[in-house]
Structures are given as C-alpha cells and as structure tokens.
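Working notes, structure below.
The values are calculated or read from the model by the stated rules, or taken from the named source; none is laboratory data. Keep in mind it's a predicted model, so treat the numbers as computed, not measured. Because the Cβ atoms are built from the backbone with ideal geometry, glycine has one as well, and the counts that use them run over all protein chains shown. Protein only, heavy atoms only, side chains kept; ligands, DNA and RNA dropped before computing areas. Shrake-Rupley method; radii C 1.70, N 1.55, O 1.52, S 1.80 Å.
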Amino acid sequence: MLSDLHIQLAALADAPAIAALSKAEIERGLRHRWTPLRVRRAIKDTRTNVALVRKHGCLAGFGIMVYDEDTAHLYLLAVHPALRRRGIASALLVWLEKVALVAGITTVQVQAREQNTAALAFYGRHGYRQVSIEQGMYGEMENGVHLEKLLTHYRASED
Ligand SMILES: CC(C)(COP(=O)(O)OP(=O)(O)OC[C@H]1O[C@@H](n2cnc3c(N)ncnc32)[C@H](O)[C@@H]1OP(=O)(O)O)[C@@H](O)C(=O)NCCC(=O)NCCS
C-alpha cells in the first residue's frame, strides 16, 4: 500500500548507500557518475529533491528529481531488487511529482534504457509517454528512450 510507505528527504549520511544502489541498479555497464560526492551535492542543492524509503533502517529505494522553471527532470529512481513490486518506486515518484505540481511545473522528463522493460512498463503505468529514442545514449550498443509526462494529467487516484 502506498500509504504505508514513509517518504523522507535524504540526509548527507545516506549518500554512500544511494550511490551504491545507483551503481548496481542504474549505472550497470556505464562509468559510475553518481558517486557519493555527487549525491551529496544533489542533497544540498535547493533545486533538487533526493527522496528515499527505508525498510528496517536500510535504504529500500530512492529518487532524485531536479526542478527547473517549467520542467522537472527525474534523474534517478531505483528500488532494491528484493523489495520491488511493492509500490515503493510509485510512492517515491508520486511524492516527487507532487512537489513539481505545487511548484507550478507542468512537465516531468525522464530517460531510460530501451531494453529496460521494467522501467518502461513502470513509467507507462504512471502516465509517461515515449517522446523519442536516442541512439547509443547508454554506450554504443544501448539506445535511450526519452519519456515525458504532463502533470495536468495527474490523477487523484495516485494518492
Ligand atoms: C523500475 C523500478 C524503479 C520499479 O520499482 P518498483 O518499486 O518495483 O515499482 P512499483 O512496485 O511501484 O511498480 C508499479 C507498477 O509499475 C509496473 N512495473 C514495475 N516493475 C515492473 C516489471 N518488472 N515488469 C512490468 N511492469 C512493472 C507495474 O505496472 C507495477 O504495478 P504492479 O506491481 O501492480 O503490476 C525498479 O524495477 C528498479 O529499481 N529498477 C532498476 C533501476 C531502474 O531501472 N530505474 C529506472 C530507470 S532510472
């Protein structure tokens, strides 16, 4: 149940666990860019929210969204493999989108690997539409998919 999940803003001490989950589950096969240092910078950045869910005191999942004037960018979203399909990513995304909505932002953008069927199904379920494919976005062999959601399509049932 989404309502059972407690979303928190990350503390600086969460940066190593967030960076490790990003490296293992998002940046697989790529250069590790989301180091603890970069995550700490994101936590401190006033235009960025680093939201997380804990289970038994450990990081279960996190999302990082940057808020610009009209558009928000979901940079990273990941859930520990053992805790998937329990609504954790949905709760994080809904929370991050609500902040954007309150800030008057109309569009959320995100990218995913073309072969990441789980992520594409997840974003599709949340109302994101595929805008374009970028060849070789994740190294020579992997294309990226640009997705977008208009927040005016936000559904109250996602609460
Ligand atoms: C994509 C990801 C974040 C989803 O996290 P999650 O907590 O399992 O997602 P939820 O439980 O909130 O899923 C909500 C819905 O999304 C869809 N979905 C999620 N994972 C799916 C999968 N593997 N296959 C098909 N549909 C899926 C389903 O419709 C699901 O609802 P249901 O479980 O009632 O069928 C998770 O698989 C993950 O961390 N993957 C690795 C990192 C990644 O790819 N991040 C996204 C790109 S940055």
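Between LYS55 and LEU37, what is 0.36 nm times their sequence separation minus the Cα-Cα distance? Round to one decimal in nm.
Numbers: separation 18, 0.36 × 18 = 6.48 nm, distance 2.38 nm.
That pair, LYS55 and LEU37, stretches by 4.1 nm at full extension.
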Accessible surface of segment 2-158, 1.4 Å probe, proportion on carbon and sulfur as whole %: 52 percent
Rough spin-label spacing in nm, given labels placed 7 Å along Cα→Cβ, for LYS98 and ALA118: 2.5 nm
Value of Rg to Rh for the chain (Rh from inverse mean 1/r over Cα pairs, i.e. Kirkwood): 0.93
Using θ = phi - 60° and Karplus 6.51 cos²θ - 1.76 cosθ + 1.60, couplings along segment 27-35 (whole Hz; Gly, Pro as x): 8, 3, x, 10, 5, 6, 9, 8, 6
Rounded FRET efficiency, nearest 0.05, which uses the C-beta distance separating THR152 from ALA20 and R0 of 35 Å: 0.45
Computed FRET value (nearest 0.05) for ARG129 with ALA82, which takes r as the C-beta separation and R₀ as 25 Å: 0.25
Residue-normalised accessible area of the chain, expressed per residue, 1.4 Å probe, Å²: 56 Å²
Restricting segment 1-96 to chymotrypsin sites (Phe, Trp or Tyr not before Pro) in coil, as DSSP defines it, with at most 11 other Cβ within 10 Å: none
Whichever lysines have a C-alpha closer than 20 Å to that of LYS149, once near sequence neighbours (fewer than 8 apart) are set aside: LYS98
Estimated 222 nm signal from helices in the chain, with DSSP H stretches of n ≥ 4 weighted -39500 (n - 2.57), rounded to 500: -8500 deg cm²/dmol
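So between ARG28 and GLU140, what do we pick up on full extension, going 0.36 nm a residue minus the alpha carbon distance?
Details: separation 112, 0.36 × 112 = 40.32 nm, distance 1.41 nm.
Working it through step by step, the gained length comes to 38.9 nm.
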Extreme residue, positive dipole direction of segment 84-149, given options LEU92, MET137, VAL110 (C-beta unit charges): LEU92
